[in-house]
Each structure stands twice: as structure tokens, then as C-alpha cells.
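Okay, so here's the structure we're looking at.
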Amino acid sequence: MTVVVTINVEGRYRGFLGSAMLEIAPGVYTSPMITSGIRDRIWETLTAWHSELGNGTIVMTWRDPEAVAEQRIRTLGEAPREIVDADGVYLVKYH
């Protein structure tokens, strides 16, 4: 399951992500069977747009057996919380 969350981004992200994933709540997109190649291409597009536009925050997460807690996380922009690895478990650090 791949999940993408967008916060305060331009409308183009919504249209693009909605064409490849199901928007289950405003700014929250999921896809249960997306391939790693498609996921990487989506991330490349999001990264390019974010470097051009510079607004908002984007978080992508998916199951990865080789990652900490078997969950991979990518972020663009200023995350409202910091995610830290504490001996193989992800924790959220509030500022």
C-alpha cells in the first residue's frame, strides 16, 4: 500500500495524483498495488514540481521489508513533525 499526503500544495498535484491513485480524503491518496517503478516516477514528478513551485508539504510512505520498521518514508517541504528512527522503530518527535 502506497500512501501520499499533500498539505498546502497547488491544484496540479491533486489532478496528477488523482489520475494514478484514489483520493480517500482531501489531500490523502492511496494505491494498494502500485509498482515500485510507477511509485518512483510519481515521486520524480512531485519532486520536480516541488522544486519549481516550492509550496507545501508532501509525504509518501509504503511497505518496504528492508527499511526501518518495514516502512519507507519520503518527504518534500517542511514537515510539521520530525520522524526519527529509535533503535529500529519510527517515532514522531514534536517540536
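Look at (i) 178; (ii) 102; (iii) 90: the one that is volume of the Cα convex hull per residue in Å³ derived from this structure is (ii). Rounded to the nearest 10 degrees, the angle from helix 11-20 to the longest Cα principal axis of the chain is 70 degrees. Rounded to the nearest 500, the helix-only mean residue ellipticity at 222 nm of the chain stands at -9500 deg cm²/dmol, with each DSSP H run of n ≥ 4 adding -39,500 (n - 2.57). Leaving ligands, DNA and RNA out of it, report the carbon-plus-sulfur percent of the accessible area of the chain at a 1.4 Å probe. Carbon plus sulfur share of accessible area: 53 percent. Between E52 and T35, the simple label model (points 7 Å from Cα in the Cβ direction) yields a spacing of 2.5 nm. What's the angle, to the nearest 10 degrees (0 to 90), between helix 36-53's Cα axis and the longest principal axis of the chain? Roughly 70 degrees between the two axes.
Based on protein heavy atoms only, the chain ends up with 63 Å² per residue of surface accessible to a 1.4 Å probe.
For the modelled label position 7 Å from the Cα of I83 along Cα-to-Cβ, which residues of region 1-37 have backbone nitrogen atoms closer than 14 Å? Backbone N within reach: 1-7, 29. Projecting the Cα atoms of A69, I83, T35 onto the charge dipole of the chain, computed from C-beta unit charges around the Cα centre, puts T35 farthest toward the positive end.
The values are calculated or read from the model by the stated rules, or taken from the named source; none is laboratory data. Because the structure is predicted, anything quoted here is derived from the model rather than measured. Positions of Cβ are backbone-derived with ideal geometry, glycine not excepted, and every protein chain shown enters the neighbour counts. When the accessible area is computed, the model is the full protein with side chains, heavy atoms only, and any ligands, DNA or RNA have been set aside. Shrake-Rupley method; radii C 1.70, N 1.55, O 1.52, S 1.80 Å.
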